[in-house]
Each structure stands twice: as structure tokens, then as C-alpha cells.
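These notes concern the structure reproduced below.
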Amino acid sequence: MQVEKYLNEIVEREGAVHLTLIDPASQSPEKAAAMALAAKEGGTDAIMIGGSTGASGLVLDQTILKIKEVTDLPTILFPGSAAGVSAYADAIFFMSLLNSRDLNYVTGNQALGAPLVYKCGIEAISMAYIIIEPGGTVGWVGDARLIPKNKPEIAVAYSLAGKYLGMHYTYLETGSGADGPASPQMITAVKKVLGKNILIVGGGIRNAETARICVHSGADMIVTGTVVEESTDVTAKIRELVSAIKK
Ligand code: 1GP
């Protein structure tokens, strides 16, 4: 439970966690490592590694290894399927896409990937993964029955189901590159029922104001990927986001 404990302690101490998402399919392992180092210098708390398409095999392993050469931040797998498991990461968000219509994304890939996670001994952090409109690539690939943006009660129902199933973390996802994250009303309603369980919000967070609103509404952790990929000064961008969410 080392990475989960590390993250939860930051939430306790600093009010919120910032996670930098790196998709191994989007750049070379060397460039990914440079981004991770810059994100660390900006104050990010951990590096998530994964994506919906092409984040597997050699490119996944090499990306993690290169990142680990330059930073000691925890590396957490964010797998799009069973192929997203790597022995080189410190932990894995062991997630179920609760609102998928396709059983492969609810329990199938989990069963295929679990023996490898066991064999590698990487830490599994259980997570309910819930996709809200517009959903982006992950919504399409994961065949999600997208939760309408203006229906917080449906997000609450899925989040509670995840909590009662024993998942420690809940992730409200609008999809990478979305026009924005889940609404403040939805975040607040979900956090109310989750209580001490951790709420992660990601998708379309691009600036300090949006990050601050997510955390003020109840998010314990925020994830940013696209702004990091697009930024010409990753350290400054991460610093802007981190300073907006920490106590
Ligand atoms: C995607 O929520 C994450 O899974 C991050 O989204 O790329 O829009 O930051 P962005």
C-alpha cells in the first residue's frame, strides 16, 4: 500500500494531489522522461502512464524505465486494457469502467491482467472509473454509456456502487482533451457520498482556475495530460496548476 498511502498522505497534508498523465504512444521515451522531470520540478506528485491506444509492450516498458532514470516520483499505470500492465511501474490503478456496456472493460481485461500484476508484485490501487460526456477516445474505446453532464445523480449512483464494491478511489473522467472536467455540482454530489474515499477528476483541466474549482468542489486529486503534452514550458504549467490546488 505504499503508493496509495503516499498519495493519501499528500491529500491529508496538502489538501490535494496533482497527477501528470503521460501517454507512451504520444512521444518517445526520452521526451516522456523530459516531461516527467519538468513536471516534477513544477511540483507534481506522481506520474500516471497509460492511454487508450498503443500504450503497451516495449514502448510502455521503455517509457517507464526512462522516466525512472530521471525521477523518483511514483509511477502509476493507467491501463487501457490488460496490455497496459508493466513490471517496471510502482503501482497500477486497477480499475473497472463501471458504466461500460462491454464486459471486457468491466471485468474481462481485469481478469487477464491480474495474474501479471500478481506475478510482478506491483501495488494495485482499486478504482471505480466512470466516464461522463463527452468521453473522448476512452469513452468510444471503452464503449461507455456516457453519463450526461447535467445528471450528477447518475454519477452519484455509480460512485456509490463502486464504493460499496470496495473500490478505494473513484475517477470521474470526461476524456482526454475534453472541453472541461465534470461540473462542480457533479463533483460535489459525488464527494458527498464518497466521504473519505478518494475522488479523482480528469479530462479538460487546462488552467489554474479550472483546477481550483475542481478541488474546491470536492476533488482530492486532479489529472492533467493534454496541457502537459502541449505546453512549451511544462514546469511553469504544472507549477500554475499545483499552486492552485494546494493548501
Ligand atoms: C485523461 O483525464 C485524463 O484520461 C486527462 O485528460 O488530457 O484532458 O488532461 P486531459
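The values are calculated or read from the model by the stated rules, or taken from the named source; none is laboratory data. Just so you know, these numbers come straight off a predicted model, no measurement behind them. Cβ: placed from backbone, ideal geometry, glycine included. Neighbour counts: every protein chain shown. Side chains are part of the model used for accessible areas, which takes the heavy atoms of the whole protein and leaves out ligands, DNA and RNA. Shrake-Rupley method; radii C 1.70, N 1.55, O 1.52, S 1.80 Å.
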Whole-number D in µm² s⁻¹ for the chain, Kirkwood Cα-pair radius fed into Stokes-Einstein, 4 °C, 1.567 mPa s: 74 µm²/s
Quick one: which residues, 5 or more positions from residue 178 or on another chain, have an amide H under 5 Å from its amide H? H modelled 1.01 Å from N in the peptide plane, none for Pro or chain starts. 204
Please report, in whole Å³, the volume per residue of the convex hull around the C-alpha atoms of segment 12-157. 126 Å³
Please report the relative contact order for segment 3-245, taking Cα pairs under 8 Å with a sequence separation of at least 6, and give it as a percent rounded to a whole number. 19 percent
With every protein chain present, what accessible area does residue 53 have (1.4 Å probe, heavy atoms only), rounded to the nearest 10 Å²? 80 Å²
Could you sort 164, 6 by their accessible area in this structure, using a 1.4 Å probe and putting the largest first? 164, 6
To the nearest Å, what is the center-to-center distance of segment 190-217 and segment 94-161, using C-alpha atoms only? 18 Å
Computed ³J(HN,Hα) along segment 197-207: with the Karplus parameters 6.51/-1.76/1.60, θ = phi - 60°, integer Hz and x for glycine or proline, the list is 4, 7, 10, 10, 10, x, x, x, 7, 10, 9
Here the FRET efficiency for residue 150 versus residue 13, based on Cβ atoms and R0 = 41 Å and rounded to 0.05, is 0.75
With the 1.4 Å probe rolled over protein heavy atoms, the chain has an accessible area per residue in Å² of 43 Å²
Sorted from largest down, give the three principal axis spans of the alpha carbons of segment 122-247, whole angstrom values. 41, 36, 33
Need one number: % antiparallel among DSSP beta bridges in segment 3-245, to the nearest 5. 5 percent
